[in-house]
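For reference, the structure discussed in these notes is given below.
The values are calculated or read from the model by the stated rules, or taken from the named source; none is laboratory data. Bear in mind that the values here come from a model prediction, so they are computed numbers and not experimental data. Positions of Cβ are backbone-derived with ideal geometry, glycine not excepted, and every protein chain shown enters the neighbour counts. Note: areas computed on protein heavy atoms with side chains; ligands, DNA, RNA excluded. Shrake-Rupley method; radii C 1.70, N 1.55, O 1.52, S 1.80 Å.
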Amino acid sequence: MLFNSAGFLLAFLPAVLMIYYVLPHRSQNVFLVVASCFFYGCWDWRFLLPLLFTTSLDYALSKRMAVATLTGAPQAVRRRLMALSVVANLGLLGFFKYFNFFAQSAVQLSRQFGAEVDLQVFEIILPVAISFYTFQALSYTIDVYRGELHPTDSFWDFFLAVLYFPHLVAGPIQRAATLLPQITQPRVIRRDQVFEGLHLMLWGYFKKIYIADNLAPFVDAAFTGGSHPSAGTVVVGVLAFTFQIYCDFSGYTDIARGVAKLMGFEFGLNFNLPYCAVNPSDFWRRWHISLSSWLSDYLYKPLGGSRVGRWPTYRNLMLTMLLGGLWHGAAWNYVLWGGYHGLIQVLHRAGGPLLARLGRSFERLPTLWLVIRMGCMFLMTCYGWLLFRASSLEQVGQMTLALLQPAGAMDWAGLGLVARLVAPLVLVQLMQWRNRDLYFTRHLWSGPPARVVSYAAMAYTCLFLGGQPQSFVYFQF
């Protein structure tokens, strides 16, 4: 079931809220489990089987780890239980998402050396959101193993923490340490929380329906065109995708956070003006925050983080970003995208002293230096999205070559149309940046009347000026 479908907005969500509001706390949790199963099962009820398996296993293993701690069992016992959780979760993810990818890659590699390897390739249907709920479940068992979280006594509370429908399909990735307390305690829904939720939902729908869906044809034209694209086509397509993926994904997150607020839940911020980033590290503190913080806490820091010297730090950055790229999908362009972001992070860290000296030369012009850094980071991010969206490594080469050897006129008409679509986003984000507040309507100059007009304008554009409805980009991950 899609957030931008009539079935969700006009039937599912109103029905869920009406029933939810009249139930007592424990009954609310049971009802949300049922509603979330229905929501997820609308894609395919079979997808619930691996989800139920991983949550049941992680719940049981976490309880066993807690018992082992209380009884003074050797550390090796808890370590084996943790290893079983990691192997089971990543093994299931690897089978569904990466088996065919690695099998096909092995066959192609063997042919390069003149050998013929016949590996069976299966028709595997990828369960929706398997990457998201795998990371959510793993964070629970890892936190219990580390002693940072006491396991819950209720399987249904844990099941709801993983399955809760607003965040299930495309995040933000929720940590049990922050979501479980909200599940176990009665929730009080405040008036301001409801208004903030409705604000987030409308702004999310505006970004998705008006901006992202209207940009989709420009992206498809550039990335599904001929084998020798012009520089103008590539520039328009990449810029359109840069804003499409942001508005699509952050729009989903805003809707998810808004729906959760209507039920008294608070999700963490997942996007914080990422295209205002001034360097690669700053970008990942602003983009997909729930994933980047997960990779930092459960991969980068356990590898040693930045505490182990220069070259090991560079290694840790590259490994983290490579695996972050592979998390997005079973294709080499995702690995290349992750490696690219790892490389620019390494180069930024290595060039820190030089950049600091350069920055001191702009001491009298700090705003200019800020704009230069933002502009450079934005251009680097745009090229990264080219790697991400390309359908093959061959297309990456062709589009990169077009940018390096521009031929023909720039598509000014296409650029103008893209600029017109993203202009409202840019204006709002300038307001958010200036006021340091993502709830931009609180700062409109005329107070409530201006807010009403802005909400009416967003609703009108969603209803009458939206693009052809598209599935959310991150559903495929």
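Looking only at the range 138-160, how many residues end up being open to solvent by less than 10 Å² (accessible area, probe 1.4 Å) and either among the small types (Gly, Ala, Ser) or free of Cβ contacts under 8 Å to residues at least 24 places away in the same chain (or both)?
1
Does at least one position in the range 301-319 carry a residue that is among the polar types (S, T, N, Q) and open to solvent by 10 Å² or more (accessible area, probe 1.4 Å)?
yes
Looking at GLY324, GLY305, GLY338, GLY342, which one is farther than 30 Å from VAL169 by Cβ and without any contact (Cβ under 8 Å) to a residue 40 or more places away in the chain?
It is GLY305.
PHE135: closer than 21 Å to SER296 by Cβ and either free of Cβ contacts under 8 Å to residues at least 12 places away in the same chain or surrounded by fewer than 24 Cβ atoms within 10 Å (Cβ to Cβ) (or both), yes or no?
yes
Can ALA256 be described as more than 30 Å from LEU370 (Cα to Cα) and touching a Ser or Thr at 6+ places or on another chain (Cβ under 9 Å)?
No: the conditions fail for ALA256.
Filter the range 343-371 down to residues that are β-branched (Val, Ile, Thr) and open to solvent by 60 Å² or more (accessible area, probe 1.4 Å) and give me whichever is farthest from the chain's Cα centre (by Cα).
THR367
Give me the residue from the range 439-477 that is under 22 Å from the mean Cα position of the chain (by Cα) and over 17 Å from LYS208 (Cα atoms) and, out of that set, modelled with the highest pLDDT.
TYR439
Please state which of the following conditions ALA170 fails to meet, knowing it meets all the rest: (1) crowded, with 18+ Cβ neighbours inside 10 Å; (2) farther than 26 Å from SER292 by Cβ.
Every condition holds for ALA170 apart from (2).
Could you check how many residues of the range 236-267 are assigned to a helix (DSSP H, G or I), in contact (Cβ under 8 Å) with a residue 60 or more places away in the chain and over 23 Å from ASP220 (Cβ atoms)?
Adding up the residues that qualify gives 9.
Kindly list, by first and then second residue, each pair from a residue in the range 81-102 that is among the small types (Gly, Ala, Ser) and part of a helix (DSSP H, G or I) to a residue that is modelled with pLDDT of 90 or more and open to solvent by 20 Å² or more (accessible area, probe 1.4 Å), limited to pairs with Cβ atoms under 6 Å and residues at least 6 apart or on different chains.
ALA88/LEU57
Taking the range 288-335 only, how many residues are more than 24 Å from CYS247 (Cα to Cα), among the aromatic types (Phe, Trp, Tyr) and modelled with pLDDT of 90 or more?
4
Counting only residues that are within 27 Å of ILE142 (Cα to Cα) and open to solvent by less than 40 Å² (accessible area, probe 1.4 Å), give me the helices (runs of 4 or more DSSP H) lying completely in the range 1-78 with at least 2 of them.
In the range 1-78, the matching helices (runs of 4 or more DSSP H) lie at 25-41, 48-70.
Residues to consider are LEU119, LEU84, LEU126, LEU90; find the one that is at pLDDT below 65 and not hydroxyl-bearing (Ser, Thr, Tyr).
LEU119
Residues of the range 218-242 being open to solvent by 30 Å² or more (accessible area, probe 1.4 Å) and under 22 Å from the mean Cα position of the chain (by Cα), which ones?
ASP220, LEU239
What pairs come up if the first residue lies in the range 45-68 and is free of Cβ contacts under 8 Å to residues at least 40 places away in the same chain, the second is aliphatic (A, V, I, L, M), and their beta carbons are under 6 Å apart, counting only those six or more places apart or on different chains?
Close Cβ pairs (under 6 Å, with a partner that is aliphatic (A, V, I, L, M)) amount to LEU57/ALA88; ARG64/LEU81; ALA68/VAL77.
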